[in-house]
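The values are calculated or read from the model by the stated rules, or taken from the named source; none is laboratory data. Quick caveat: nothing in here was measured; it's all calculated off a predicted structure. Neighbour counts are summed over all protein chains in view; Cβ atoms, including those assigned to glycine, are modelled from backbone coordinates with ideal geometry. Protein only, heavy atoms only, side chains kept; ligands, DNA and RNA dropped before computing areas. Shrake-Rupley method; radii C 1.70, N 1.55, O 1.52, S 1.80 Å.
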Amino acid sequence: TKKSRHCSTQLCCCTQCLQGISFRRFGNSLSECFHLLQLQYKTLKVIGAEFGTSVLSYFIFLKWLLTFNIFSFLINFGFLTIPQFLAAEPNNLSFTGLELLTGAGYFQQTVLYYGFYTNATISKIKNGPSYNMQLAYIFTVGLYFVICFLILLFSMAKSFCRNFINPQAHSGNASKLLCTWDFNITNEKAVKLKQKNLSTQIKSQAAMLVLPVVTSLLNAFIPFFYSWLGRLERFHTPGQHIYVTIARNIILKISIVGILCYYWLNVVAVSESQCWETLVGQDIYRLIVVDFLFCLLGSFFGEFLRRIIGTTVCVNLGLPEFDIGRNVLDLIYAQTLTWIGILFSPLMPGIQIISFSIVFCVKKVSLMKNCQPPRKVWRTAQMTTSFMFLLFFPSFLGVLSVIGVTVWRLKPSEECGPFRGLSSMYAAVSEWIEILENYTASKWVVWIYHNLITSELFFFILSTSILIIAYLYWQIIEGRKIMIKHLHKQIINGGKDKMFLLEKLRTLQMAKQTPSAPGGQGQQVSLIV
């Protein structure tokens, strides 16, 4: 009928309009992203032009880490968080705002932490496809670290080739602290009991922040002492100063992270808490947040106040220089905490994205307003490779050892998380392989598991092959270096030969002009006489 045709044409027009609007919005969002990238590119160009490539290397490294965490967040959010939303139960805790600092309370019953994820198989459609959260969790984390290993290895090799070869539940915390007093209480004993209860709650909140505050204080003040000590030592080149400062800070940060990991794996994991994985995730959350706040305070006190003192109180000090070594190691320390926290808090890269974005803007403004360019120019190409190497070892390889111990040796919590009731997290894979053995179509997966993944011989052959390839590649590099030296010597010798031939030509020309010279001199002498 005419009405149905008219309705169908209206529906087609509406759908076309909606599609046009959605495409326009998508195009506008893409143009905004490209505009932001263009602004970042211009910012990097300005920094490189005014402060040199040494300071620029820090911002390039920070931008690389920011992109890397965006990739990490998309993987975990797509394969873990979105499926968990389908099976999630409503959160009965109230949000007060203090959770942004402590990471407890309302956040404990969200997808931010390990303990909130289910161990069931998610299936919203009857007789439809299902989603095994246990396998998804361990395979997502495992494949993520494999991809990280390959990306870091490739980036480090590329940089090396370019620069060296080819040059518990807590809710209502803020309201308890700020608006908790009940003015209807008039009995003296009730007042004392209420005061005691309030003081206990304040002490429990403060106790949660003791560990991250003490850790951040050590990370903030000891590197400043190292920088001051380096100025007294008077190194010959700025590169030596930065390498020594980096070595000292690495020892400091490795010690701090090692002590924290020992505490988490040997004290918290064996405690009688209901969900020790969530407690570890909360500790790492607080460490990242407090470290971020101390990073902002370091820019204020270490650069802004230093500029005011150097330009008004003590003019001889002058403007401060950007401390590349300390700032780079702060980034590596923050990224190390993020890698450790991914197993206990899958959305930890999202928190680090916000942190790194703010740090990028704050450091850029502080650099432009407070710092001066480096007084000495030095080679920075090798420093980029050094940054990638430090991110790979000891940071990433150390994190792999911590994750390996957690997955293979520690027993998961009995009442929370996707691996509850299992002897270890890796037991989920073993049980899955036992199920696949009953299916003929999955025999190839079982064969790969028994002959490759759990085979010591396979990993021995793989490691030997990698070492042989690395040795051959190193020999090729050394051969190229020798060839470059020989070619350099040939160029020098060729220049010397050309200079020798030019001298010979000059002497021959002088020899042709010498016979006429004595006669002319004799005539001049006779005229004088």
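Part of a helix (DSSP H, G or I), open to solvent by 100 Å² or more (accessible area, probe 1.4 Å) and either at pLDDT 85 or above or of a type in the set (D, E, K, R) (or both): does that describe Lys481?
In short, no.
Here is a check on your reading of the model: is Lys364 assigned to a loop (DSSP other than H, G, I, E, B) and open to solvent by 10 Å² or more (accessible area, probe 1.4 Å)?
No.
Picking from Ser123, Ser94, Ser54, which residue would you name as being among the hydroxyl-bearing types (Ser, Thr, Tyr) and at pLDDT 85 or above?
Ser94
For residues that are of a type in the set (Ser, Thr, Tyr) and open to solvent by 60 Å² or more (accessible area, probe 1.4 Å), tally how many sit in region 72-107. Give the derivation first.
Of the residues in region 72-107, the ones of a type in the set (Ser, Thr, Tyr) are 72, 81, 94, 96, 102, 106.
Those left that are additionally open to solvent by 60 Å² or more (accessible area, probe 1.4 Å): 94, 106.
Of the residues in that region, 2 qualify.
Can you spot a residue in region 110-129 that is of a type in the set (S, T, N, Q), part of a helix (DSSP H, G or I) and surrounded by 18 or more Cβ atoms within 10 Å (Cβ to Cβ)?
No, that holds for no residue.
Output yes when any residue across region 240-257 is at pLDDT 80 or above and farther than 26 Å from Asp323 by Cα, and no when none is.
no
Is it the case that some residue within region 104-117 is of a type in the set (Val, Ile, Thr) and modelled with pLDDT under 90?
Of region 104-117, the ones of a type in the set (Val, Ile, Thr) are 110-111.
The next check asks that each one be modelled with pLDDT under 90; those that pass are none.
No, because not a single residue in region 104-117 is of a type in the set (Val, Ile, Thr) and modelled with pLDDT under 90.
Would you check which residues across region 314-341 are of a type in the set (A, V, I, L, M) and not in a helix (DSSP H, G or I) and list them? Spell out how you get there, then give the answer.
Pass one, region 314-341, residues of a type in the set (A, V, I, L, M): 315, 317, 319, 324, 328-329, 331-332, 334, 337, 340.
Val315, Leu317, Leu319 - these are the residues of region 314-341 that are of a type in the set (A, V, I, L, M) and not in a helix (DSSP H, G or I).
So Asn249 fits all but one of (1) among the polar types (S, T, N, Q); (2) more than 18 Å from Phe396 (Cβ to Cβ); (3) assigned to a helix (DSSP H, G or I); what number is the exception?
For Asn249, the exception is condition (2).
Restricting the search to region 383-415, which residues are over 19 Å from the mean Cα position of the chain (by Cα) and open to solvent by 10 Å² or more (accessible area, probe 1.4 Å)?
Gly404, Val405, Val407, Trp408, Arg409, Leu410, Lys411, Glu414, Glu415
Considering only residues that are modelled with pLDDT of 90 or more and open to solvent by 30 Å² or more (accessible area, probe 1.4 Å), look in region 268-293 and name the one that is nearest to Gly103 (Cα to Cα).
Leu279
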